[in-house]
Amino acid sequence: MLMANLSTVSEFVFVGLSDAPEIRLLLFVLFLLIYLATLAANIMLLVAISTDSHLHSPMYFLLGNLSLLDLLCPTITVPKMLGALLLEHKKISFSGCLFQHFSLIAVVGTEIFLLAVMAYDRYVAVCHPLRYPSIMSTKLCAQLAVGTWVTGLLNSLLHTSLVFTLSFCGANKIQQYYCDIPPVLALSCSSIQSRELVLLVVAGVLGGSACVLTVVSYICILLEILARNSPGIWHKAFSTCGSHLTVVCLFYGTTICTYVRPSFTYSPHWDRVVSMLYGMLTPLLNPIIYSLRNKEVKCALKRVISQVRRAL
C-alpha cells in the first residue's frame with residue numbers, strides 16, 4: 001500500500017507480442033508448448049538428481065539449484081503472457097507488477113551468482129581433483145547455494161525499491177509482456193538518471209564480480225590444461241566444463257543485451273525478442289545441454305522416464 005500510494009497509476013497494461021487475432025492463438029499454442037516442455041525438462045532433471053545416488057555430488061547439487069531457477073523464471077512471466085494472448089487479460093495491478101518485477105530480478109541475480117559458484121566448482125574439479133571432496137564439502141556447497149539465493153533476493157530488493165518508488169503519473173502501457181526494469185523505467189514521470197546510474201553501478205559491481213570469478217576460474221582451468229599437456233586432457237576438460245561453459249555464454253549473452261545498457265538504447269521490439277530468448281528458451285535449453293553432454297545425467301533421466309512409464 002505504501003508503494004501504491006506513491007503513484008497515481010494503479011495498474012499497468014502489457015503490450016503483447018502481437019495484437020493480430022489471427023496469430024495470437026498460434027503464439028499461445030507455441031509458447032504453451034515451450035513452457036510445458038521447460039517444466040517437464042527441469043522437473044525430470046530435479047527428480048533425477050534427487051533420486052539417483054550417482055548424482056549426489058556438489059556439481060549436481062548446484063545443477064539442481066539451476067534447474068529450480070529455470071523452473072521459476074518462466075513461471076513468473078509466461079502464465080500472464082499466455083492469459084494476455086488467449087483471453088486478452090493484459091492488465092496487471094501496481095502491486096502485482098511490483099511482485100513480478102521483484103521475483104524476476106531475484107531469480108536473474110541468483111542465477112548469475114550460482115553460475116559463478118558452478119565455475120569455481122569446475123575449477124576445483126579440474127585443477128585440484130584429489131582435494132575436490134574436501135574442498136567442495138557438503139557444508140560449503142550448502143553455504144554457497146544459500147549465499148547465492150540471499151544475495152539475489154537482496155539485490156532484487158534494492159532494484160525494486162529504486163524503481164517502484166518513482167512516480168508514475170502518465171502512460172501505463174508497458175512495452176513488454178512482463179514487468180521488467182527498462183520498460184517500467186520508461187513510464188516514470190520522475191527524473192530517472194540518478195536511480196538508473198545507481199542501478200547500473202550495483203548491477204555492474206555484483207554482476208561484474210560474478211563474471212570475473214567465472215572468467216578467472218576458466219582461465220585457471222585453461223592454464224592447468226596447458227601446463228599438463230597430457231594425452232586426452234582437452235577432451236576430459238571439455239567433458240567436465242563444456243556444459244557449464246555453454247550455459248554461461250547463453251545466459252550472459254541474453255542478460256547483457258537485456259539489462260546492461262542505459263534506457264535511451266531501449267527498443268521495445270528488439271527487447272521482446274531478447275527477453276523471449278532469456279525468459280523462455282534459456283530455461284528450456286539448460287537441462288537439454290546438461291543432459292546431452294553428461295552420460296550420468298542421461299542414464300539417470302532414462303531411469304526416471306522408465307519409472308514414470310511403469311507407473312502409468
Return yes when Y35 is of a type in the set (F, W, Y) and either closer than 21 Å to L154 by Cβ or more than 21 Å from the chain's Cα centre (by Cα) (or both) and no when it is not. no
Please go through the range 87-117 and give me each residue that is under 13 Å from Y177 (Cα atoms) and more than 20 Å from the chain's Cα centre (by Cα), ordered by number. E88, H89, K90, K91, I92
Only one of I23, I34, I43 that is under 28 Å from A84 (Cβ atoms), open to solvent by 60 Å² or more (accessible area, probe 1.4 Å) and at pLDDT 80 or above: I43
Report, by residue number, each residue of the range 168-216 that is among the aromatic types (F, W, Y) and more than 18 Å from V108 (Cβ to Cβ). F168
Options L86, L98, L154; residue that is free of Cβ contacts under 8 Å to residues at least 40 places away in the same chain and of a type in the set (A, V, I, L, M): L154
Name the helices (runs of 4 or more DSSP H) wholly within the range 130-249 that hold at least 3 residues that are open to solvent by 50 Å² or more (accessible area, probe 1.4 Å) and farther than 27 Å from L63 by Cβ? 193-228
Looking at the range 284-295, which of the residues that are assigned to a helix (DSSP H, G or I) and at pLDDT below 80 is surrounded by the most Cβ atoms within 10 Å (Cβ to Cβ)? Y290
Per the list (1) farther than 30 Å from A203 by Cβ; (2) in contact (Cβ under 8 Å) with a residue 24 or more places away in the chain; (3) surrounded by fewer than 23 Cβ atoms within 10 Å (Cβ to Cβ), residue check on A48 breaks on (3)
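Rundown of residues vs (1) modelled with pLDDT of 80 or more; (2) of a type in the set (S, T, N, Q); (3) within 30 Å of C179 (Cα to Cα); (4) in a loop (DSSP other than H, G, I, E, B), yes/no style:
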{"position": "T258", "(1), (2), (3), (4)": "no, yes, yes, no"}
{"position": "F264", "(1), (2), (3), (4)": "no, no, yes, no"}
{"position": "W270", "(1), (2), (3), (4)": "no, no, yes, no"}
{"position": "T282", "(1), (2), (3), (4)": "yes, yes, yes, no"}
Looking only at the range 91-108, decide whether some residue is surrounded by fewer than 19 Cβ atoms within 10 Å (Cβ to Cβ), modelled with pLDDT of 90 or more, assigned to a helix (DSSP H, G or I) and β-branched (V, I, T). no
Residues within the range 294-312 that are aliphatic (A, V, I, L, M) and more than 14 Å from T51 (Cβ to Cβ), tallied: 1
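The values are calculated or read from the model by the stated rules, or taken from the named source; none is laboratory data. Everything quoted here is computed from the prediction, not taken from an experiment. So basically every Cβ, Gly included, is an ideal-geometry build from the backbone, and we count neighbours across all protein chains shown. SASA here: full protein model, heavy atoms, side chains in, ligands and nucleic acids out. Shrake-Rupley method; radii C 1.70, N 1.55, O 1.52, S 1.80 Å.
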